[in-house]
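Enquirer: Could you have a look at this structure, given as structure tokens, before my questions?
The values are calculated or read from the model by the stated rules, or taken from the named source; none is laboratory data. Here the structure is a predicted model, which is why all the values come from computation and not from measurement. Every residue, glycine among them, receives a Cβ derived from its backbone with ideal geometry; neighbour counts consider all protein chains shown.
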Amino acid sequence: MLRRLLFANFKLVYRFSQWLRQRFTATGILILLIIPIAGVFGFDTRSTLSFQIFSITLVLIITAMSFSLFFRSKFSINRKLPDYGSVGTPLTYSCVVYNKNKTAKRCLLVIDELKTRFPSLNEFTKAKDPLDKKRNRIDRIIGYPRLVNAIQELRGGSIKPVTIDYIAEHSEHETTIELTPLRRGYLQFDKTRVAQAEPLGLFQSQKIIENKDNLLILPKLYKTPKLNLHGKRTYHHGGVSNASIVGDSQEFISLRDYNPGDPLRSIHWRSFAKLNKPIVKEYQDEYFTRYGLLLDTYLQDKTDLIFEDAVSIAASFMTAQKEQDALLDLMFVGNNTYRFTSGRGLAGAENILEILACVEPVYESNIAQVKVMIKEVSHECSVLICILLALDESRLALIRTLTTLHIPVKFLVVTEASEIMDTEVLRKHDVHLIGHDSLQQDLDTLWKS
Amino acid sequence: MEKLGNNTTTNKLSPAPPGLILASLLLWGWQTEYLLYAVAMGIVLELPLFIKWRIDFTDKDINQLADLSGVIFFILTVYVFMNYSFQGIFKILELMPFVLFLLMLAQCYGVQNGIKTSALFISIRRLGENAGPDVLYQTNIGLPYVFICMISASSGNKFSDYFFALCAILIAWMLFTKRTRHFSKLIWLAAVIMAMIFSYITQNGLRQLQNNSEAFFLGLFEQYGWRSTNPDYTSTSIGSLGRLKLSDRIVFRVKTDKPFSAPLYFRESAYSIYEYGSWRNPNVEFDVIVKTANKNEWRFNKNKRDTATMDVAIYLQDSSAIIPVPDNINTLSGKDLIQVETSIYGSTRIEAREGWINYRLGYATDDFIDMAPTDNDLAIPSGYQNDFKQVATQLNLYSKTPQQVINTVRQYFNDNFYYSITQNQRYTKGKYLTRFLFKDKKGHCEYFATATALLLREAGIPTRYTIGYSVQEYSPWQKTYLVRARHAHSWLKYYLDGAWHNMDTTPSVWAPMEAEDRTLLEPLMDLLSWLRYKTTSGDIDDKKEDTSDWLLWLLIPLGAYLAWRFYSRQRVDQQANKPTGITKLVRYGIDSPIYPLLKQLEKEVDSKQPGETLSKWIQRILPANKAERYYNIIRLHDRYRFNPGSDKVLEKELIIRSLALLDKDE
């Protein structure tokens, strides 16, 4: 009940603070802060003269806000977004502002906005603030910073406002805006505000322009070592094309008589015409390395950061492998069981990254489904890399199952700094820990160990 | 992951325009009479505009300075609270520019030219570098300091119109530098003038609003409130419903050589006219008592000598107050006192500093010096005349001598009435005493004192209703009488044989009964009160050293520490550091032994061109065979000068040797 009440108030507080930040300049906020202070000390007009400062600051703010009533400008905005962005790496895009007014405009501030969704009560209670432990007790109990953090996560990025010094009447101005993506997946652009401060320089008059767009943000990538697991090349019937079901093989070796069941597209029509019987093209059976990468999506009660790290590691491995004759299978269990293959003639790294950009964690155990999936595909894999989010009993059982497959398996467990693992178990199953705080460092030492 | 705010127009506070800080400090100094400090502080803070060197403070240094400011603020708060209680909030306000001066110094003289939010807020500091740039950033506290100076100045509460005008000018000055440039200055000026005119009207309106609302609420208070110490007027709780409850707060302390044998009455004022639950006096005037020459002493009667003294400590919320004194007061002395006045109704008013003050009371054996009785001291309100006539007849008072009347009345109240602080029944207005005399026969001290006074008047004895305190609770631990708010009492005095005498018909159980309501926290509150009294009150005499400012001594080590911190920091030339901003340039090898030789060459042959290396220069100015011998030394010098990892002692030695060899050859 109390939490529900607090949550309802948080909405108001957050919206009010956003309104303040969007509408007031730094000097305006300072003067706004002075109003209650001067008001408190000036409550008794006989004790201090603070009420005079209260009057001045209050009237100044009211005057400044009144000016916004006379702001009647018209603009249009055209955003030119790149194809992709990457988490944590600032990207720039251009924005064309068209001044539809009959007069030139000076000192404009362009504030591009991402769609801000307020989390539900359920999302708020489940949300985890990575800095929670460092916050004071009141902040932790009340949870307002956690809410702000959750909103920032949902919004997914931060955009710096840009100033435009001058736009002539009925002309356009192209400006560059910097966006720092905070999470992977699709960022939704919502609207653009064109603001101009009033003469006193305290309050911003704003014109809000609806301007929707989407931008895909790919996971953060790390430098990964080249896979050096001594997995043997395995036989894949039908060659590369068969392995991927689609596409034509490049490895033609001879012609042979038609056997029932051969696909029609394998028929060599010219020979059929010459010999008057069906002749089919025969392909070389291929042996090649096929890496399997299993991504654990069962997050349990861990923070999202751990899952983000796991996705980033998976993305890094999927993009780092450059062997021409190798295939890469990305496997994970979400709502369904997914297996995506990249390699020669198949999906490229960017496709895999797009998939990984949209992977979501699962909060109910799916380890059993993972086991089933691995058993089905294990005969095709030369090497298997498992990125796990924890090392509990169910995952240990999975590890034990995988070690019986007679293919080299590498287990990586992404951990929070505070987690303590049983070293005996780690050594026995060749499990490598990847710490959240030392991710790159741990990846560097992965194969050296 | 880095967290950033979004969708905001956040731009950090820009510095205050040159001169504004000095101007605001001058305003503060003028209003609070710290003008000299203000001038000095203002000059110190504006001086960096004219000097180039800066101090390279680390974040840790600034944090420590902020903490130090916090500690100073805490000590100041404790000190001021102890001296002035809640009134001290204005004193703290007045001193705020001092408290924040250290941070301003750090900002003005630091290379960073700002203060990080982590220094100002512990919660942000705890987050460390993980805090996003929307909360952890460097801000300039110049403008906030200007406003703090203005609000602090407002505590001076002088020359309100001038103060308003100066504040308006300072704020306009600040706004002028922050104005939006695309509007003309004329529009800006019109907006500011309009805002200031409306501000002036608003501030007058606020003043008027307070006057009106106060008049309204005071009217309510007069009607329903509890007593106030006013020499002209006192309302009583006669007729009020519910249970009387007075607090356990210690109002004053009385220190005597030995405990009293009976409770001692300290009166505040006496009143002669009773009307509808209130006592009042006509035209009360105070006479100033002349201070004894060369002494902090005020003598009420120059012909009398003190027979005994007692030391009183009282808490004053206002600089002018009526103090409780014994009836036969003869002298008042103490360095805290500024002026002493007395009224014809026996009130003593002093002017002194606010907070706990001490004074010595001297008293004589004779009775007090109040004005002789008037007709008012015999008047009975018309509504009660029949009632008191009936009681007087019943007691046969008309045929008794005054002394017999006194005894009879005392006995009458003692035998027939009992003490009660609870009143449950509502009476008809103007009939409270009738009910008390004939029906309930119970009430608190105001009932007894009022009824007795009016009954004695009916018998022809002039009386006055008196309010004050009964001094009776002795604290053996503090060796002092503690007088609490609940010891407030009312009694009467009657005029007989040419003198006024005290009479109290309230049953003596009143004090224990009221003490039953004391809170469990009373010992703790007493201890706090004692601590506050001990730490803030001075001595009575000038001769003894005043120890009330002992807390200020704590500031000395803090100041010394601060001075050491400032002094021990390396000073940085701002110009030299301009490209790098923060880090100080360390010039290794600046003492290379080759420099005297190079200077000599420059003087004798030709000076080095800008951008020319030493080798090129030597090659240009010297013949090839001679230049050859210099190249090795230049290589050694370059290593000594520019290679931070090399053995400096060895290289210097090698350069010296090579130079010696060169000298030899030449």
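Enquirer: Does residue A:9 fit the bill of being away from chain B (no Cβ under 14 Å), out of contact with any Asp or Glu (no Cβ under 7 Å at 6 or more places or on another chain) and not in a helix (DSSP H, G or I)? Before you say what the answer is, go through the steps one by one.
Expert: Values: away from chain B (no Cβ under 14 Å): yes; out of contact with any Asp or Glu (no Cβ under 7 Å at 6 or more places or on another chain): yes; not in a helix (DSSP H, G or I): no.
Judged against the criteria, residue A:9 is not a match.
Quick grid of which residues meet (1) acidic (Asp, Glu); (2) touching a helix residue (DSSP H, G or I) at 6+ places or on another chain (Cβ under 6 Å):
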{"site": "A:94", "(1), (2)": "no, no"}
{"site": "A:103", "(1), (2)": "no, no"}
{"site": "A:113", "(1), (2)": "yes, no"}
{"site": "A:123", "(1), (2)": "yes, no"}
{"site": "A:129", "(1), (2)": "yes, yes"}
{"site": "A:141", "(1), (2)": "no, no"}
{"site": "A:161", "(1), (2)": "no, no"}
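Enquirer: Is it the case, given these coordinates, that residue A:51 is surrounded by 15 or more Cβ atoms within 10 Å (Cβ to Cβ), under 30 Å from residue A:102 (Cα atoms) and of a type in the set (Phe, Trp, Tyr)?
Expert: No; evaluated as a whole, the condition is false for this residue.
Enquirer: Could you figure out which of (1) of a type outside the set (Gly, Ala, Ser); (2) over 27 Å from residue B:464 (Cα atoms); (3) assigned to a loop (DSSP other than H, G, I, E, B) isn't true of residue B:359?
Expert: All conditions are met except number (3).
Enquirer: Residues that are in a strand (DSSP E or B) and touching a residue at least 12 places away in the same chain (Cβ under 8 Å): does region A:122-143 have at least one? Let's see the steps before the verdict.
Expert: Quick first cut of region A:122-143, residues in a strand (DSSP E or B) only: none.
Among the residues of region A:122-143, not one is in a strand (DSSP E or B) and touching a residue at least 12 places away in the same chain (Cβ under 8 Å), which makes the answer no.
Enquirer: How about region B:13-28: which of its residues are part of a helix (DSSP H, G or I) and free of Cβ contacts under 8 Å to residues at least 60 places away in the same chain?
Expert: Within region B:13-28, B:22, B:26 qualify.
Enquirer: Can you name every residue in region A:82-97 that is surrounded by 15 or more Cβ atoms within 10 Å (Cβ to Cβ) and polar (S, T, N, Q)?
Expert: A:86
Enquirer: Would you tally the residues in region B:133-160 being more than 28 Å from residue B:54 (Cβ to Cβ) and in a loop (DSSP other than H, G, I, E, B)?
Expert: 5
Enquirer: Could you grab me the full set of residues in region B:302-347 that are closer than 27 Å to residue B:88 by Cα and outside any strand (DSSP E or B)?
Expert: Passing the criteria: B:317, B:318, B:319, B:324, B:334, B:335, B:336.
Enquirer: Residues being part of a helix (DSSP H, G or I) and more than 24 Å from residue B:155 (Cβ to Cβ): count how many of those fall in region B:56-72. Even if it seems obvious, please write down each step before you answer.
Expert: Of all residues in region B:56-72, those part of a helix (DSSP H, G or I) come to B:59-72.
Filter once more, so that each one left must be more than 24 Å from residue B:155 (Cβ to Cβ): B:59-65, B:67.
Summing the residues that are part of a helix (DSSP H, G or I) and more than 24 Å from residue B:155 (Cβ to Cβ) in region B:56-72 gives 8.
Enquirer: Can I ask one more? Picking from A:59, A:96, which residue would you name as being at pLDDT 90 or above, hydrophobic (A, V, I, L, M, F, W, C) and not in a helix (DSSP H, G or I)?
Expert: None of the others qualify; the one that does is A:96.
Enquirer: Within region B:127-158, restricting attention to residues that are within 7 Å of chain A (Cβ to nearest Cβ) and over 30 Å from residue A:182 (Cα atoms), which residue is surrounded by the most Cβ atoms within 10 Å (Cβ to Cβ)?
Expert: It comes out as B:154.
Enquirer: Being closer than 21 Å to residue A:210 by Cα, out of contact with any Ser or Thr (no Cβ under 8 Å at 6 or more places or on another chain) and surrounded by fewer than 23 Cβ atoms within 10 Å (Cβ to Cβ) narrows it down to one residue among A:72, A:79, A:46; which is it?
Expert: One residue alone meets the criteria, A:72.
Enquirer: Okay, next question. May I ask you to list the residues in region A:182-202 that are more than 10 Å from chain B (Cβ to nearest Cβ) and touching a Ser or Thr at 6+ places or on another chain (Cβ under 8 Å)? Give the steps one after another, and end with the answer.
Expert: Initial filter on region A:182-202 (more than 10 Å from chain B (Cβ to nearest Cβ)): A:184-189, A:192, A:194.
A:194, the sole residue that qualifies.
Enquirer: List the helices (runs of 4 or more DSSP H) inside region B:386-485, counting only whole elements, that have at least 2 residues being over 21 Å from residue B:274 (Cβ atoms). Talk me through it step by step, then tell me what you get.
Expert: On the way: elements: B:402-416, B:432-435, B:445-458.
Of the helices (runs of 4 or more DSSP H) lying wholly inside region B:386-485, those with at least 2 residues that are over 21 Å from residue B:274 (Cβ atoms) span B:402-416.
Enquirer: Another question about this same structure. Name the residue that is surrounded by the most Cβ atoms within 10 Å (Cβ to Cβ), counting only residues in region A:134-159 that are facing chain B (nearest Cβ under 9 Å) and among the basic types (Lys, Arg).
Expert: A:155
Enquirer: Determine whether residue A:301 is under 16 Å from residue A:365 (Cβ atoms), modelled with pLDDT under 80 and not assigned by TED's automatic domain parsing to the domain that holds residue A:130. Can you show your working first?
Expert: Numbers: under 16 Å from residue A:365 (Cβ atoms): yes; modelled with pLDDT under 80: yes; not assigned by TED's automatic domain parsing to the domain that holds residue A:130: yes.
Taking the combined requirement at face value, the residue satisfies it.
Enquirer: In the list B:263, B:231, B:282, which residue meets the criterion of being in the same structural domain as residue B:309 (by TED's automatic domain parsing), closer than 22 Å to residue B:503 by Cα and either out of contact with any Gly (no Cβ under 8 Å at 6 or more places or on another chain) or at pLDDT below 80 (or both)?
Expert: Details: B:231 fails: in the same structural domain as residue B:309 (by TED's automatic domain parsing); B:282 fails: closer than 22 Å to residue B:503 by Cα.
Just one listed residue meets the conditions, B:263.
Enquirer: While we're on this one: Contact list please: Cβ distance under 8 Å, first residue in region B:33-55 and in a loop (DSSP other than H, G, I, E, B), second residue exposed (fewer than 14 other Cβ atoms within 10 Å of the Cβ), pairs at least six apart or on different chains.
Expert: B:52/B:573; B:52/B:575
Enquirer: Separate question: Tell me whether region B:92-115 contains one or more residues that are under 25 Å from the mean Cα position of the chain (by Cα) and within 7 Å of chain A (Cβ to nearest Cβ).
Expert: Yes, region B:92-115 contains a residue that is under 25 Å from the mean Cα position of the chain (by Cα) and within 7 Å of chain A (Cβ to nearest Cβ).
Enquirer: Would you mention how many residues in region B:161-202 are closer than 15 Å to residue B:20 by Cα, more than 7 Å from chain A (Cβ to nearest Cβ) and not small (Gly, Ala, Ser)?
Expert: 7
Enquirer: A further question on this structure: Among what's in region A:37-61 and is more than 8 Å from chain B (Cβ to nearest Cβ) and of a type in the set (A, V, I, L, M, F, W, C), pick the residue that is nearest to residue B:187 (Cα to Cα).
Expert: Step by step, filter region A:37-61, then rank; the result is A:61.
Enquirer: Hey, another quick one. Quick one: how many residues across region B:638-660 are out of contact with any helix residue (DSSP H, G or I) (no Cβ under 8 Å at 6 or more places or on another chain), over 13 Å from residue B:590 (Cα atoms) and not in a helix (DSSP H, G or I)?
Expert: Residues of region B:638-660 out of contact with any helix residue (DSSP H, G or I) (no Cβ under 8 Å at 6 or more places or on another chain): B:641-645, B:647, B:649-650, B:653, B:656-657, B:660.
Now drop any that are not over 13 Å from residue B:590 (Cα atoms), which leaves B:645, B:647, B:649-650, B:653, B:656-657, B:660.
Filter once more, so that each one left must be not in a helix (DSSP H, G or I): B:645, B:647.
Of the residues in region B:638-660, 2 are out of contact with any helix residue (DSSP H, G or I) (no Cβ under 8 Å at 6 or more places or on another chain), over 13 Å from residue B:590 (Cα atoms) and not in a helix (DSSP H, G or I).
Enquirer: Ok, one more. Picking from A:376, A:364, A:416, A:393, which residue would you name as being surrounded by fewer than 19 Cβ atoms within 10 Å (Cβ to Cβ) and within 25 Å of residue A:327 (Cβ to Cβ)?
Expert: Only one candidate passes the filter, namely A:376.
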